[in-house]
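Just so it is clear, none of the values below were taken in a lab; they were calculated from the coordinates. Keep in mind that this is a model prediction, so the values were computed, not measured. Cβ sites come from the backbone with ideal geometry, for glycine too, and all protein chains shown count toward neighbours.
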Amino acid sequence: MNNLRNAKIIVLAGCAVMWVFIILGLITNLEIFAEIGVGVAIGTGLVWFLRWRCPHCGKFIRKAATDVCPACGKELDWKLFKK
């Protein structure tokens, strides 16, 4: 599996888990849930920053909406699953 696809799966899952914990914290008034949500957000941000890179040249990709790497111009594979 492509590293870019792995990063996308991890970031999307991390965002979902983060929101679940933050909402749990708001509903239950337990700060621990909100703190866990913030921790997951920080971890997800680190994964995004460290792994959201072009598989060809290794440069950081700022947007997921692009089909080509802005640095090297090669095509990026953003699909989560192979056809």
- What length, rounded to one decimal in nm, is gained on full extension from Ile42 through to Lys74, with 0.36 nm per residue of separation minus their alpha-carbon distance? 8.5 nm
- Cβ-based exposure ranking for Cys72, Cys15, Cys54, in which fewest neighbours within 10 Å come first: Cys72, Cys15, Cys54
- Going from the fewest other Cβ atoms within 10 Å to the most, one would list Trp48, Trp78 as Trp78, Trp48
- Query: Exposure proxy check: Asp67, Asp77 ranked by fewest other beta carbons within 10 Å?
  - Reply: Asp67, Asp77
- Message: Run the lone-cysteine check on the chain: no other Cys C-beta under 4.7 Å from the residue's C-beta.
- Response: Cys15
- Cα axis of helix 3-28 to longest principal axis of the chain: angle in degrees, 0 to 90, nearest 10? 20
- Query: Computed FRET efficiency, Cβ-Cβ of Ile10 and Lys63, R0 22 Å: what is it to the nearest 0.05?
  - Reply: 0.80
- Task: Specify the angular offset, from 0 to 90 degrees and rounded to the nearest 10, of the alpha carbon long axis of helix 31-51 from the longest principal axis of the alpha carbons in the chain.
- Result: 10
